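Undergrad: Have a look at this one.
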Amino acid sequence: MGRGVTNERERGLAEVRSLAWLLDNSIPVPGTGGRRFGVDAIIGLVPFVGDLVSGGIGLFIVWRGSRLGLPRVVVARMLANTAIDFVIGSIPFIGDAFDLWFKANTRNLGLMQRHLERPDTSTRGSWLMLVGLLALLVAFVVLVAWLIVSLVGAVLGAI
C-alpha cells in the first residue's frame, strides 16, 4: 500500500475519530461511573434543525468511510445506523433519550476501524443486520397498511 494511501486513511480515521468523540462522548456525566454523552444530544434538542445538522454530520462520516474504500455493505450499514439515529432521534423526548444510548457515529467509527485495519474481515454481520432491518421495515409497512385498511373499513362500516 502506498504511503499516500496510508496517510489519507490515517487522516480520515483521525477526522472521524474526533467527530465521533465530539458528537457522542465528549461530555462526562458526573456521578455515573464514566457515562458520557456528546454534542449530538445537545444539538438534537433544537427541533428539526438540530436533527438535520446532526444527520448531516453523520452522513459526512459515512461519506468519509466510503472514500476510504470500505466495502459497500459496510457503507450501507453505516447509512442504516445514521438513518436510525436521524429517524428515531427526530421524535421529541424519546429521540433525545435514544441519542444518549445509540451513538451512531461511534458505531460507524468502529465499523470503519474494523474494516480498514483488517480488510479481510467478514462482512457477514453487516449483511445480517441489513437483512434484519429490511425485514423490520417490511413488517412495519405491512402493519401500518393493515391498520389503515382496518380503520377505513371500520369507518365505512359505521356509516
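Undergrad: By how many nm would the segment from Leu100 to Ser26 lengthen if fully extended, with 0.36 nm per residue of separation less the alpha-carbon distance?
TA: Values: separation 74, 0.36 × 74 = 26.64 nm, distance 1.18 nm.
This chain segment gains 25.5 nm when fully extended.
Undergrad: To continue, here is another question. Considering only Ile84, Trp127, Gly55, whose Cα is most displaced toward the positive end of the charge dipole of the chain, charges sitting on Cβ of Lys, Arg (+1) and Asp, Glu (-1)?
TA: Trp127
Undergrad: When a footprinting reagent is the concern and you count Cβ atoms within 10 Å, what order do Ser26, Ser18, Ser54 take, fewest first?
TA: Least crowded to most crowded, the residues run Ser18, Ser26, Ser54.
Undergrad: Taking the Cα-to-Cβ direction at Thr6 and at Arg67 and moving 7 Å from each Cα, how far apart do the two end points lie in nm?
TA: It works out to 2.2 nm between the two label points.
Undergrad: Dipole magnitude of the range 1-139 about its Cα centre, charges +1 at Lys/Arg Cβ and -1 at Asp/Glu Cβ only, in debye to the nearest 20?
TA: I would put it at about 500 debye.
Undergrad: Sticking with this one: Running Debye on the chain with equal point scatterers at the Cα sites and no solvent, what base-10 log of I(q)/I(0) appears at q = 0.10, 0.15, 0.17, 0.18 Å⁻¹?
TA: Values returned for q = 0.10, 0.15, 0.17, 0.18 Å⁻¹ are -0.46, -0.87, -1.03, -1.10.
Undergrad: List every DSSP H helix in the chain whose Cα atoms extend 15 Å or more along the helix's own long axis and whose mean Kyte-Doolittle hydropathy is at least 0.5.
TA: Span-like helices in the chain: 49-67, 72-89, 124-158.
Undergrad: What distance in nm separates the two pseudo spin-label positions at Phe60 and Ala139, each 7 Å out from Cα along the beta-carbon direction?
TA: Going by the 7 Å Cα→Cβ label model, 3.6 nm.
Undergrad: Could you check the spin-label model distance between Val49 and Ala154? Points 7 Å from the Cα along Cα→Cβ, value in nm.
TA: 4.0
Undergrad: Separate question: What three numbers, in Å, describe the spread of the alpha carbons of the range 83-159 along their principal axes, ordered from the longest?
TA: On the principal axes, the range 83-159 reaches 65, 29, 12 Å in Cα extent.
Undergrad: Please give the charge dipole size of the range 73-148, origin at the Cα centre, charges +1 on K and R Cβ atoms and -1 on D and E Cβ atoms. Round to the nearest 20 debye.
TA: 220
Undergrad: To the nearest 500 deg cm²/dmol, what mean residue ellipticity at 222 nm is calculated for the chain from DSSP H runs of n ≥ 4 alone, each contributing -39,500 (n - 2.57), summed and divided by the residues?
TA: Taken over the chain, the calculation gives -26000 deg cm²/dmol.
Undergrad: So if R0 is 22 Å, what FRET efficiency would Ile88 and Glu15 give, r being the distance between their Cβ atoms, rounded to the nearest 0.05?
TA: 0.30
Undergrad: Follow-up. Using the number of other C-beta atoms within 10 angstrom as an exposure proxy, rank Asp51, Asp40 with the fewest first.
TA: Asp51, Asp40
Undergrad: Sticking with this structure for a sec: Using alpha-carbon pairs under 8 Å, 6+ residues apart, how would you state the relative contact order of the chain in percent?
TA: Values: 137 pairs, mean separation 33.8, N = 159.
Here the relative contact order equals 21 percent.
Every read-out reported here was derived from the displayed coordinates using simple, explicitly stated rules and does not represent laboratory data. This is a predicted model, so every value here is computed, not measured. FYI the Cβ positions are ideal-geometry reconstructions off the backbone, even for glycines, and counts take in every protein chain you see.
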